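The structure under discussion appears below in the form of structure tokens.
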Amino acid sequence: GQSLEQPSEVTAVEGAIVQINCTYQTSGFYGLSWYQQHDGGAPTFLSYNALDGLEETGRFSSFLSRSDSYGYLLLQELQMKDSASYFCAVRDRNNFNKFYFGSGTKLNVKP
Amino acid sequence: NAGVTQTPKFQVLKTGQSMTLQCAQDMNHNSMYWYRQDPGMGLRLIYYSASEGTTDKGEVPNGYNVSRLNKREFSLRLESAAPSQTSVYFCASSENGNSNQPQHFGDGTRLSIL
């Protein structure tokens, strides 16, 4: 089976840096993805890590350690528009079409 | 560029009624998915279609059926709606099943069953 754990809520101030952690337990693992979802909106893809290390895309970075079954999303220079829920997701190694999502972390950015 | 389009956006049903949720994508993607999202929770996969003509069960398929009508369209049917199926339903597509291909989501259908 698959199990992903994320903190339920994180609060930070505008301009700060915030890290959202994701730990997973899977029967077969093939990469960790991150999605952003604003209230009432659709999830949108942010990043994907297949290998250990850091992937950087603008203000957002994502990290993966497969030996620790752990990853995180790092958001820098926080803006009010970053207030949203962030989900980590894994793909089943034996079936790339099967995705499993964490329950999400709600990020509140305050002025 | 529409991406993934879902209809309807909102629907209220009575217990026992049937309903089909429609989804269409214009990105020529091979793979399509149906998820449900309950309050404060992540997305759970109901069914997916790896390619035209194929469908398979996901994590929570009970009470649902799907049809991959053609490459563009993937519908989700509730034959006899139950209050436990009250949820937001998202359709998604991806180019194929490769590991690095992101999913593109529609805006969702908010379904209430009384």
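A few points about this structure:
- Placing a label point 7 Å from the Cα of residue B:9 along the Cα-to-Cβ direction, the residues of segment A:29-69 with a backbone N closer than 15 Å are A:39-42.
- Reach of residue B:14 by Cα under 20 Å, taken over aspartates and glutamates that are not fewer than 8 positions away in the same chain: B:38, B:79
- Per-residue shielding of A:79-92, expressed as the average number of other chain Cβ atoms within 10 Å of the residue Cβ, stands at 1.
- Cβ-defined net charge surrounding residue A:84, 9 Å radius [Lys, Arg +1; Asp, Glu -1]: 0
- Furthest towards positive pole of dipole, A:57, A:107, A:36, structure part chain A, Cβ charges: A:36
- Within a straight-line Cα-Cα reach of under 29 Å, residue A:98 can be paired with the following lysines, leaving aside sequence neighbours fewer than 8 residues apart in one chain: A:106, B:9, B:57, B:71.
- Inter-chain Cβ neighbour count for A:32-42, averaged per residue, equals 3 (cutoff 10 Å, partner chain atoms only).
- Of all lysines in the structure, the ones whose alpha carbon falls short of 27 Å from that of residue A:110, not counting any fewer than 8 places away in one chain, are A:81.
- Heavy-atom accessible area ranking, 1.4 Å probe, most first, across A:77, A:55: A:77, A:55
- Inter-chain neighbour count for A:47-55: the average number of beta-carbon atoms from partner chains within 10 Å of each residue's beta-carbon is 1.
- Antiparallel bridges, percent of DSSP beta bridges restricted to the protein assembly as shown (to nearest 5): 90 percent
- Each label point was placed 7 Å from the Cα along the Cα-to-Cβ direction; for residue A:67 and residue A:25 their separation is 2.2 nm.
The values are calculated or read from the model by the stated rules, or taken from the named source; none is laboratory data. Keep in mind the model is a prediction, meaning the values are calculated, not measured. Here Cβ is always computed from backbone atoms with ideal geometry, including for glycine, and neighbour counts include all displayed protein chains. Just so you know, the surface numbers come from the protein's heavy atoms only, side chains and all, with ligands and any DNA or RNA stripped out. Shrake-Rupley method; radii C 1.70, N 1.55, O 1.52, S 1.80 Å.
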